[in-house]
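The structure appears below as structure tokens.
The values are calculated or read from the model by the stated rules, or taken from the named source; none is laboratory data. This is a predicted model, so every value here is computed, not measured. Positions of Cβ are backbone-derived with ideal geometry, glycine not excepted, and every protein chain shown enters the neighbour counts. SASA here: full protein model, heavy atoms, side chains in, ligands and nucleic acids out. Shrake-Rupley method; radii C 1.70, N 1.55, O 1.52, S 1.80 Å.
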Amino acid sequence: MNRVKEKLKSAEQKRKVFKQQQCIFMTALERSRDQAQDKTKPVCSVAQVQWYMEDHCSNTTDRRILSLFLEIMEDLMEVLDILEGLGFTGSLMENCRILLCPTTDISNLRAQFPHDEVNRLSCVEARNYYGGVVSLIPVAVDLLRETARTSAGPQKEPEKAEVPKPQPTETVPQQAMDSYMEDQSASQNGQSQTKKPYKETGGWNAGKPSWKPPGRPKV
């Protein structure tokens, strides 16, 4: 668990720097989207940010801030790997798997109070385009901290609850967001809540997705 704490601390320090440079991040995304002729859709995944940096970023400052975002995401993935190696299980672990998958659609994700990343975006249009990508890091850090605190460790009995099947109308990102909102509400009310895990979906059925998915993402 010391490695988990150290990695989370490192990610948190980088996150503070990244938050101070959020406007630079927005400018970098705007320029990259313009060069990619991709300005009609919101930024919807980590893989899309990586695509911008690798194929549509010619500015050194822009490349640096996009790289910092991807570096923080890599640190958070490493925390998840460590928790898995220690035998941690539970619904929060599944939510983290989904949220940190590079191809997960995060366009509808929104960080809630006390996080102010979304509120700092200049207008409604910016929030629609970038609300998800600026929410990803604070929400992921919250989930990983909660996972390390409450998930079943290697010496605990495995969860016996049946794994429910997601409703066909639900999307994977919305499931992760719903869980995050429930955790936030329970924390504010001083209550603990045990949630049933849901089935693994998408690429997680075949194991952990590659950090650099092959080819360009469909945007």
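To one decimal place, what Kirkwood hydrodynamic radius in Å is obtained for segment 1-94 from all pairs of distinct Cα atoms?
On the way: mean 1/r = 0.0684 Å⁻¹.
Hydrodynamic radius (Kirkwood, Cα pairs) of segment 1-94 is 14.6 Å.
Shape call for segment 43-123 from the C-alpha gyration tensor, a ≥ b ≥ c root eigenvalues: rounded (a/c under 1.5), prolate (a/b greater than b/c) or oblate?
oblate
Farthest toward the dipole's positive end in segment 1-148, which of P114, V134, A36, given Cβ charges of +1 (Lys, Arg) and -1 (Asp, Glu) about the Cα centre?
Of P114, V134, A36, it is P114.
Based on Cα positions only, what radius of gyration and what Dmax would you give for segment 70-111, in angstroms?
Answer for segment 70-111, Rg first and Dmax second: 11.0, 31 Å.
Between V124 and E78, what FRET efficiency comes out of the Förster formula 1/(1 + (r/R0)^6) with R0 = 45 Å and r the beta carbon distance, rounded to 0.05?
0.80
Using a 1.4 angstrom probe with every protein chain in place, what is the largest-first accessible-area order of R110, R64, R15?
My answer, sorted largest first, is R64, R110, R15.
Using the structure shown, list the pairs from K14/K39; K7/K41; K7/K39; K16/K39 with a Cα-Cα distance above 30 Å, or answer none.
Check vs 30 Å cut-off fails for K7/K41; K7/K39.
Obtain the nm distance between the two label points defined at K9 and K39 by a simple spin-label model: each point lies 7 Å from its Cα along the Cα-to-C-beta direction.
Taking the two extended label points, one gets 4.5 nm.
Can you send over the solvent-accessible area of T61, 1.4 Å probe, protein chains only, in Å² to the nearest 10?
It works out to around 70 Å².
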